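Student: The following block contains the structure, expressed as structure tokens.
The values are calculated or read from the model by the stated rules, or taken from the named source; none is laboratory data. Fair warning: this is a prediction, and the values are worked out from it, not measured in the lab. Note that we place each Cβ from the backbone using ideal geometry, even for glycine, and neighbour counts take in every protein chain shown.
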Amino acid sequence: MNEEAVTPREAIPALTPRGAGGHQFVLYADACSGVPGVPHEATFAAVNAVVARLRPQPKFICFPGDEIQGLTADDAALRAQWRHWLDREMAWLDRAAIPLYHTTGNHTTYDAASEAVFREMLGHLPRNGPPGQEGLSYWVRRGDLLLVFVNTLWSGHGGEGRVETDWLDRTLAAHADARHKLVLGHHPVFPVNGFSGAYQREIGPTDGRAFWRVLVNHGVLAYLCSHMLAFDVQIHEGTCKS
């Protein structure tokens, strides 16, 4: 975003870290857009307009899933949605200056074919995930901050509501020196505002328990997720879920 494009009167003061060494970023998700002329496009544009007015601008943006409407068996149509989202709806963002990190979601990676399209269209994402999930799960290190992006619906692990934990455990152990550790995924681990449903609304109980144990054991600050369209913050065993 061009700093001169927003006047001081239009600028929105951003929440910034206290003192030196913090990390300022924005997290939002579930646009379900990518189709010209439909209501979600206008809603997403309104949200983007707010993010674009933040001053200072964030150092990076995290988008934990469901960027586009998706859910189509037509790979060409799926690619077209991604192109519209990236090239038109997110054209305001200078992604070289402000990296955009994604997770998988139920609207974008619902079978092996859509996973392949996800990898293709988001080719900038690191390929350092577990075997078979390269480009679907990955980690990013930014100084003393570790970001781990997990896939909560890999087709090779049974689909929606399941998550791998062995690679996650090893990754967190390898970055034990990180002062701040955040894990991001699409599905919640615990019910949100009373809405419950294993596998569809939150990660299944077996994987969910194992996943949370890994986060707690490694002192992860928070698991940041989306999927359920409600603001919700919970603390479980000292680790935040938001």
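Student: Just the residues that are in a helix (DSSP H, G or I) and either in contact (Cβ under 8 Å) with a residue 12 or more places away in the chain or more than 17 Å from Ala5 (Cβ to Cβ) (or both), please, taken from the stretch 47-74.
Tutor: Val47, Asn48, Val50, Val51, Ala52
Student: Now a separate question. Every residue in the stretch 202-242 that is of a type in the set (Ser, Thr, Tyr) and either assigned by TED's automatic domain parsing to the domain that holds Thr103 or not in a strand (DSSP E or B) (or both), please.
Tutor: Selection gives Thr206, Ser226, Ser242.
Student: Looking at Ser137, Ser114, which one is farther than 24 Å from Pro205 by Cβ, modelled with pLDDT of 95 or more and either touching a Pro at 6+ places or on another chain (Cβ under 7 Å) or surrounded by 15 or more Cβ atoms within 10 Å (Cβ to Cβ) (or both)?
Tutor: Ser114
Student: So, one more: Return the residues of the stretch 131-145 that are under 15 Å from Thr103 (Cβ atoms) and not hydroxyl-bearing (Ser, Thr, Tyr); say none if nothing qualifies.
Tutor: Gln133, Glu134, Gly135, Leu136, Trp139, Val140
Student: Condition test on Gly156, is it surrounded by fewer than 21 Cβ atoms within 10 Å (Cβ to Cβ) and outside any loop (DSSP other than H, G, I, E, B)?
Tutor: yes
Student: When the residues of the stretch 53-71 are filtered to those that are surrounded by fewer than 17 Cβ atoms within 10 Å (Cβ to Cβ) and not basic (Lys, Arg), which remaining residue is nearest to Ser242 (Cα to Cα)?
Tutor: Only one residue fits best here, namely Pro56.
Student: I'm told Glu120 meets every condition in (1) over 29 Å from Pro17 (Cβ atoms); (2) among the charged types (D, E, K, R); (3) out of contact with any Pro (no Cβ under 6 Å at 6 or more places or on another chain); (4) part of a loop (DSSP other than H, G, I, E, B) except one. Can you identify the failing condition by its number?
Tutor: If we test Glu120 against (1) over 29 Å from Pro17 (Cβ atoms); (2) among the charged types (D, E, K, R); (3) out of contact with any Pro (no Cβ under 6 Å at 6 or more places or on another chain); (4) part of a loop (DSSP other than H, G, I, E, B), just (4) comes out false.
Student: Looking only at the stretch 176-198, decide whether some residue is buried (at least 20 other Cβ atoms within 10 Å of the Cβ), among the polar types (S, T, N, Q), outside the structural domain of Thr104 (by TED's automatic domain parsing) and in contact with a strand residue (DSSP E or B) (Cβ under 8 Å, 6 or more places away or on another chain).
Tutor: For the stretch 176-198, residues buried (at least 20 other Cβ atoms within 10 Å of the Cβ), among the polar types (S, T, N, Q), outside the structural domain of Thr104 (by TED's automatic domain parsing) and in contact with a strand residue (DSSP E or B) (Cβ under 8 Å, 6 or more places away or on another chain): absent.
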